[in-house]
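Participant: Quick one: this structure, given as structure tokens, is what I'll be asking you about.
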Amino acid sequence: MPLDNNIIQSFTAILGKERVIRGHQLSERYDHIWHMDIGTQAQAILLPKSTEEISELLKICNSEHVPVVVHGGLTNLVGSTETKKGEVVISLEKMNSIIELDEGSRTLTVESGVILEDIHNATKDKGLLFPLSFGAKGSAQIGGIISTNAGGLRVLRYGMTRQLVMGLEVVLADGTILTNLKKIIKDNSGYDLKQLFIGAEGTLGVITKAVLRLQEMPSSRCSALVGFNDYSNVINFLKLADKQLAGTLSGYELIWKDTYKILTTDPSLLKPPMTYDYNFYVLFESMGSNQESDQALMQQLLEDAMEKKMLQDAMIAGSESDLNWFWNIREDVGIIDSQFPYSQHYDVSIPIPSIDAYVTSVRKKLRLELGISDALPFGHVADGNIHFIVGKPDNTPELKKAIDDIIYMPLQALNGSVSAEHGIGLHKKSRLHISKSEAEVNVMRAIKRTLDPNGILGRGRIFD
């Protein structure tokens, strides 16, 4: 349903004509960076530059019951940024200022449109680290990252986004501004309201500013690639590494053999550091205080593991070039997508000991029941998060559902989750019951009704 001209005029009065995108200009906009050829269906895209402007826009949308979709870096994988006719988009791209870097409190205060890589660059110059990192760091915006409680490559040591946010400013559906941009770690003065909005996928409010928790930049970074034939030793080595590296273990990534092959053969530009002789490949990382001694510690760890017959092969990154080579293999999973005309992405979480049996069972069922042999797993095994990219022959809803059933149905018995770090969005809401009980969903609905009684924010996301 087209928006009333009076509503458009109200938007224009707040933003000016140049920041209200409509008509033929919409054809140049899209809902996801992987689908730039598909134009947005929104009636208008609004480009605010301040919290106050967002507040005024939401007052209008709430009063007129206009549904709102929030856009950040458009890297979401569960349909949260998809639009429909009649919706308006509030894009945070112009709210991209780094407000303050406080070295004393080791915090960074930012607007929600700041790109993650820009945060890394700003903090690195001051010898500080914002530890969150993943492949889409060059386009993902911090507001969207917080809204989805993103994980990434260093959750093992530093935790999810939730652990890295100290304060938030949020605009509620009715335009109310909640400002709690504190730089303190301890605050037990009642409910910690910011936690409601972290991971809520924009359905409870629009995040406009954040205070991020920083760490001192480690002065060493060591990595190694290790080959295993038995999954039990993947777990045994994780425990040994965590013990012997004295708290410096920061990443532990598992890549299955078939996935490793496709990541290191043409058309990938990355060559394999290790032969294709093993069932599992683990890329792990330590971040410490002395490169020479930390490298020696990693060397000793590998020798001890080899003596215990835990692993079959190992290769230490001997230079920064090697280190980047190893980690680019893990981060450049887009090369998998390029091999298949159709693919489905999965992001599940299960107890670490159950991972190998689950993956083996899922891949067997996909092959025997659907004839799909290209189910490529990899992931953050140390925190129980496994990703699948499934190549399939067509994009029919029937095949998609059949694959979903095979991937998701075993998770309930394992007390797992259908979404480890990507969220629920539009695409996974029919599977929410696998991860959440009826009582939990009812409480979630009650919170949604309280904060957004007209249901304008992220309508249809997470649940109907």
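Participant: Any chance you could count how many residues in region 101-144 are free of Cβ contacts under 8 Å to residues at least 24 places away in the same chain and either assigned by TED's automatic domain parsing to the domain that holds residue 33 or among the basic types (Lys, Arg) (or both)? Steps first, answer last, please.
Facilitator: Restricting attention to region 101-144, the residues satisfying the condition of being free of Cβ contacts under 8 Å to residues at least 24 places away in the same chain are 104, 117-118, 120-121, 125, 133, 137-138.
Filter once more, keeping what is either assigned by TED's automatic domain parsing to the domain that holds residue 33 or among the basic types (Lys, Arg) (or both): 137.
Within region 101-144, residues that are free of Cβ contacts under 8 Å to residues at least 24 places away in the same chain and either assigned by TED's automatic domain parsing to the domain that holds residue 33 or among the basic types (Lys, Arg) (or both) number 1.
Participant: What is the one condition in (1) part of a helix (DSSP H, G or I); (2) free of Cβ contacts under 8 Å to residues at least 24 places away in the same chain that residue 192 does not satisfy?
Facilitator: Result: residue 192 passes all but (1).
Participant: Taking the residues in region 59-87 that are assigned to a helix (DSSP H, G or I) and free of Cβ contacts under 8 Å to residues at least 60 places away in the same chain as candidates, determine which candidate is nearest to the chain's Cα centre (by Cα).
Facilitator: Let us first name the residues in region 59-87 that are assigned to a helix (DSSP H, G or I), namely 59-64.
The next check asks that each one be free of Cβ contacts under 8 Å to residues at least 60 places away in the same chain; those that pass are 60, 63.
Numbers: 60: 31, 63: 33 Å.
Only one residue tops the list, namely 60.
Participant: So residue 266 clears everything in (1) buried (at least 20 other Cβ atoms within 10 Å of the Cβ); (2) more than 27 Å from residue 220 (Cα to Cα) except one condition, right? Which one?
Facilitator: Here residue 266 clears every test but (1).
Participant: Right, next: Being assigned to a strand (DSSP E or B), among the aromatic types (Phe, Trp, Tyr) and closer than 20 Å to residue 226 by Cβ narrows it down to one residue among 378, 388; which is it?
Facilitator: 378
Participant: Limited to region 177-195, what total is found for residues that are surrounded by 12 or more Cβ atoms within 10 Å (Cβ to Cβ) and either within 23 Å of the chain's Cα centre (by Cα) or of a type in the set (A, V, I, L, M) (or both)?
Facilitator: Counting residues in region 177-195 that are surrounded by 12 or more Cβ atoms within 10 Å (Cβ to Cβ) and either within 23 Å of the chain's Cα centre (by Cα) or of a type in the set (A, V, I, L, M) (or both) gives 6.
Participant: Please indicate, with yes or no, whether at least one residue in region 257-267 is in contact with a strand residue (DSSP E or B) (Cβ under 6 Å, 6 or more places away or on another chain) and of a type in the set (A, V, I, L, M, F, W, C).
Facilitator: Checking region 257-267: not a single residue is in contact with a strand residue (DSSP E or B) (Cβ under 6 Å, 6 or more places away or on another chain) and of a type in the set (A, V, I, L, M, F, W, C).
Participant: Go through (1) buried (at least 22 other Cβ atoms within 10 Å of the Cβ); (2) touching a helix residue (DSSP H, G or I) at 6+ places or on another chain (Cβ under 9 Å) for residue 211 and report which single condition fails.
Facilitator: Evaluating residue 211 over (1) buried (at least 22 other Cβ atoms within 10 Å of the Cβ); (2) touching a helix residue (DSSP H, G or I) at 6+ places or on another chain (Cβ under 9 Å) leaves (2) as the failure.
Participant: Checking residue 124 against (1) surrounded by 21 or more Cβ atoms within 10 Å (Cβ to Cβ); (2) closer than 28 Å to residue 245 by Cα; (3) among the charged types (D, E, K, R), which single condition isn't satisfied?
Facilitator: Going through the list (1) surrounded by 21 or more Cβ atoms within 10 Å (Cβ to Cβ); (2) closer than 28 Å to residue 245 by Cα; (3) among the charged types (D, E, K, R), residue 124 breaks only (1).
Participant: If you don't mind, another one. Name the single residue, out of those in region 231-262 being touching a Phe, Trp or Tyr at 6+ places or on another chain (Cβ under 8 Å), touching a residue at least 60 places away in the same chain (Cβ under 8 Å) and part of a helix (DSSP H, G or I), that is nearest to residue 299 (Cα to Cα).
Facilitator: 241
Participant: Look through region 423-464, keep the residues that are farther than 14 Å from residue 196 by Cα and among the polar types (S, T, N, Q), and return whichever of them is farthest from the chain's Cα centre (by Cα).
Facilitator: 454
Participant: Among the residues of region 158-173, is there at least one that is surrounded by fewer than 22 Cβ atoms within 10 Å (Cβ to Cβ), farther than 30 Å from residue 60 by Cβ and in contact (Cβ under 8 Å) with a residue 60 or more places away in the chain?
Facilitator: Yes.
To keep it simple, each residue is scored yes or no on (1) outside the structural domain of residue 383 (by TED's automatic domain parsing); (2) touching a helix residue (DSSP H, G or I) at 6+ places or on another chain (Cβ under 9 Å).
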position	(1), (2)
396	no, no
406	no, yes
409	no, yes
414	no, yes
418	no, yes
428	yes, yes
431	yes, yes
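Participant: For residues that are of a type outside the set (A, V, I, L, M, F, W, C), part of a loop (DSSP other than H, G, I, E, B) and over 23 Å from residue 231 (Cα atoms), tally how many sit in region 340-371.
Facilitator: 3
Participant: Can you tell me how many residues in region 313-344 are within 21 Å of residue 241 (Cβ to Cβ) and touching a residue at least 40 places away in the same chain (Cβ under 8 Å)?
Facilitator: Residues that pass the stated criteria total 13.
The values are calculated or read from the model by the stated rules, or taken from the named source; none is laboratory data. Predicted model only: the values in this text are computed from it and were never measured. FYI the Cβ positions are ideal-geometry reconstructions off the backbone, even for glycines, and counts take in every protein chain you see.
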